[in-house]
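Handing you a structure now.
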Amino acid sequence: MTGGFNETQPIYYQLVQKVILQIVRGDLKAGEKLPSVREMGGQFKVNPNTVQRAYADLERLNVVETRRGLGTFVTEDRNRLTQLREQLKHEKIDTFIKDMQEMGFNAREIKDGLNEHLSDN
Amino acid sequence: MSIVKFANVSKKYYGKVALDNANLELPSGKVVGLIGPNGSGKSTALKLMAGLIRPNKGAVTVCGKPAGRRISDEVAFLSELDTFYSFFTVKESINFYHGQYRDFDLDKAEQMLKFMQLNPDARVKDLSKGNRGRLKIALTLSRRAKLILMDEPLSGLDPIVRELIIKSLASFIDLEQQTVIMSTHEVSEIEPLLDLVVAIRDGNVLKIDEIDHIREEYNISLVEWMKRVIV
């Protein structure tokens, strides 16, 4: 697989997730310009229509804004960015808990396991 | 709106059926992949679109015109074979194409040579297979043709050249003005580039679908879809 995409989700959707991750991680800062559609396409080896669709979705999520003739920028709305960070945290924790519960671990065991791991590191 | 239309198209070679009453309509501004086993009719379909061969029955319309010899003004065709003169240098090949096609963009050709890391003074006959592959792509994509047709653009090339070609397709095609249709066996490598796929088998168009739809609807990759549709 090229560009580090999985095989089961639409590529525009995975591109959206990648950009969100970059923003949450701080690789892309509030107000920073995103690569142009063309640059992004070249970088991830996807076609411009796919990048366009991903950018449109990010805009709908109020994560980026497009300024006519200038390009696409990360939102400067700090609240939205904090919210995004929280949202991502909850999503990951939810999946983790579901996986653990599926294997038969209860809340106590999950907490203990987490504490143990976190104090180890 | 539609850039290519096949209406009841049949094509035979010496009695062997290559396309059998095929109907197909493709929208402009997309990257389209033709997939199917060897001998399914992919190359025949591309050659019909390029006006290089004529159907025995039915009509092929490209950019709103019947696909004949003159359609090469609007269609760039990348053949599976090498089609340039071996005694030319890279630069001379570019100049030759510039003379042949009115839509050939010299600036873009220079950019593409740099991107493909080709030496303008090298003779075509001295180029490796990989470098000839790069040159072919550069010459094809330097045309501002409305329709770009590619027959197996990655076939027989090493992974580095394949990656370079995929990147050049992602960066140099202008989908606001252009449409790309390519046949390929390298399905999983090409998949991220595609908007639409057309599955062909035994000269019949089996199915047309959007890549996003395939993933959203069935959560499967194109290879998996191909197995289900074609086998």
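Per residue, what accessible area does region A:11-76 have, given a 1.4 Å probe and all protein chains present, in Å²?
I get 49 Å² per residue for this part.
Could you work out the mean count of beta carbons from other protein chains within 10 Å of each residue's beta carbon in A:44-53? Please report the intermediate quantities before stating the final value.
Values: counts 3, 11, 8, 12, 8, 9, 8, 1, 1, 2.
Mean shielding by partner chains, rounded to a whole number: 6.
Here's something else I'd like to know. Quick one: Debye curve from the alpha-carbon atoms of chain B only, equal weights, vacuum; give me log10 I(q)/I(0) at q = 0.09, 0.11, 0.13, 0.17 Å⁻¹ to two decimals.
For the requested q values the scattering log ratios are -0.36, -0.55, -0.77, -1.27.
Quick one: angle between helix A:107-120 and the longest Cα principal axis of chain A, in degrees between 0 and 90, rounded to 10, please.
70 degrees
I need the shape label for region A:79-120. Rule: rounded when a/c is under 1.5, else prolate if a/b > b/c, else oblate, with a, b, c from the alpha carbon gyration tensor.
Note, shape of region A:79-120 comes out oblate.
Something else now. For chain B, what is the calculated [θ] at 222 nm in deg cm²/dmol (nearest 500), taking -39500 (n - 2.57) for each run of four or more DSSP H residues and dividing by its residue count?
My calculation for chain B gives -9500 deg cm²/dmol from helical runs alone.
If you roll a 1.4 angstrom probe over the protein chains with everything in place, what fraction of the accessible area of region B:133-231 belongs to carbon and sulfur, to the nearest %?
45 percent
Exposed loop sites here are chymotrypsin sites (Phe, Trp or Tyr not before Pro) in DSSP loop states with at most 10 other C-beta atoms within 10 Å. What is the longest stretch of chain B lacking them?
Longest stretch, sites excluded: B:88-231.
Can you check what the net charge comes to around A:N6, using other residues whose Cβ is under 13 Å from the Cβ of A:N6 (Lys, Arg +1; Asp, Glu -1)?
So the surrounding residues net to -1.
To continue, here is another question. Can you tell me the 0 to 90 degree angle between the C-alpha axis of helix A:78-102 and the longest principal axis of chain A, rounded to 10?
For A:78-102 against chain A, the angle is about 40 degrees.
Using the heavy atoms of the protein chains and a 1.4 angstrom probe, tell me the accessible area per residue for region B:146-231 in square angstrom.
38 Å²
Would you be so kind as to list the residues of region B:154-196 that have their accessible area lowered by at least 40 Å² in the full protein complex compared with their chain by itself (1.4 Å probe)?
Buried by 40 Å² or more upon assembly, which counts only protein chains, are B:K167, B:A170, B:S171, B:L175, B:P192.
Under a 5 Å amide H to amide H cut-off, with H placed in plane at 1.01 Å, what residues pair with B:I3 once short-range neighbours are removed?
Distant-sequence amide H within range of B:I3: B:L26, B:S28.
Separate question: In the full protein assembly as shown, how much of A:H90 is accessible to a 1.4 Å probe, in Å² to the nearest 10?
That residue has around 100 Å² of solvent-accessible surface.
Given the -39500 (n - 2.57) contribution per DSSP H run of 4+ residues, what per-residue ellipticity at 222 nm results for chain A, rounded to the nearest 500 deg cm²/dmol?
Numbers: 5 runs with 75 residues, N = 121.
That comes out to -20500 deg cm²/dmol.
According to the square roots a ≥ b ≥ c of the eigenvalues of the Cα gyration tensor, what is the shape class of the protein assembly as shown, taking rounded for a/c under 1.5, prolate for a/b larger than b/c otherwise, and oblate for the remainder?
prolate
Structure shown: which of A:K33/B:K108; A:K89/B:K207; A:K18/B:K136; B:K12/B:K167 lie over 29 Å apart, alpha-carbon to alpha-carbon?
A:K89/B:K207; A:K18/B:K136; B:K12/B:K167
The values are calculated or read from the model by the stated rules, or taken from the named source; none is laboratory data. The shown structure was predicted, so the numbers you read here are calculated from the model rather than taken from an experiment. For neighbour counting, all protein chains shown are included, and Cβ atoms are generated from backbone atoms with ideal geometry for every residue, glycine included. Remember, those area values only see protein heavy atoms, side chains included, never the ligands or the DNA or RNA. Shrake-Rupley method; radii C 1.70, N 1.55, O 1.52, S 1.80 Å.
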